[in-house]
Amino acid sequence: GAVVSQHPSRVICKSGTSVKIECRSLDFQATTMFWYRQFPKQSLMLMATSNEGSKATYEQGVEKDKFLINHASLTLSTLTVTSAHPEDSSFYICSAKQGGYEQYFGPGTRLTVT
Amino acid sequence: QKEVEQNSGPLSVPEGAIASLNCTYSDRGSQSFFWYRQYSGKSPELIMFIYSNGDKEDGRFTAQLNKASQYVSLLIRDSQPSDSATYLCAGFNYGGSQGNLIFGKGTKLSVKP
């Protein structure tokens, strides 16, 4: 149980385009989903937290207009990187929790912006 | 600023030895702690969590929590080369309504055959 999927696993896009990443909880209803970014050899950095049906809460320094998060249902959250630039190239990981403490991570999406 | 500190390593141990990974935290309000393992290029996977003072054992893994010293550790007995990964310590932060995990930067473990 507690499986989280992400799609796509890898994406390459051109600078200036937008990319959407999906995060799904497959066997539980996620009251809260988190989006992290991880640059090479760095730790996870929380970007934003979202609750189903509510606006996401963004961490300091994360542009909400650039990283659009939609949490339309209890099993799906999407992150859209708008007008992507090479510096946005990173490993994007979502996690989800049903309640309580534990977060279950998706497998991650590697974004490369050329 | 709520922080979780870990020695980045790398920590190198021979196969079969005990690997000891340490973590300290600054927020006395943190009540639960999690250890995640992350292989290169993969997302973190939960190993175990602990919320009571003392030891908690699960197979070859033992988590230890000392709230007075604000110290958490993970012991891996009979270390295997497959245990080579980065280990992330995370504290549960009650700040805000969501309750976020605060991650350390991770300790890289290398188990030599």
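Can you tell which of A:53, A:99 is more than 13 Å from chain B (Cβ to nearest Cβ), over 25 Å from residue A:12 (Cβ atoms) and surrounded by fewer than 19 Cβ atoms within 10 Å (Cβ to Cβ)?
A:53
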Condition check: within 11 Å of another protein chain (Cβ to nearest Cβ) and within 27 Å of residue B:106 (Cα to Cα). Does residue A:81 satisfy that? no
Collect the residues in segment B:1-27 that are of a type in the set (Gly, Ala, Ser) and at pLDDT 95 or above, keeping them in residue-number order. B:12, B:16, B:17, B:19, B:20
So is residue B:30 modelled with pLDDT under 95, within 14 Å of chain A (Cβ to nearest Cβ) and closer than 28 Å to residue A:108 by Cα or not? yes
Does residue A:109 satisfy the condition of being within 13 Å of chain B (Cβ to nearest Cβ) and either over 24 Å from residue A:10 (Cβ atoms) or surrounded by fewer than 15 Cβ atoms within 10 Å (Cβ to Cβ) (or both)? no
Residues of segment A:7-25 being in contact with a Gly (Cβ under 8 Å, 6 or more places away or on another chain) and either more than 20 Å from residue A:99 (Cα to Cα) or acidic (Asp, Glu) (or both), which ones? A:9
Would you kindly identify the strands (runs of 3 or more DSSP E) lying entirely within chain B that contain at least 2 residues that are more than 21 Å from residue A:43 (Cα to Cα) and acidic (Asp, Glu)? B:54-58
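The values are calculated or read from the model by the stated rules, or taken from the named source; none is laboratory data. Because the structure is a prediction, the values reported are computed rather than measured. Using ideal geometry, Cβ is built from the backbone for each residue, glycine included, and neighbour counts are taken over all protein chains shown.
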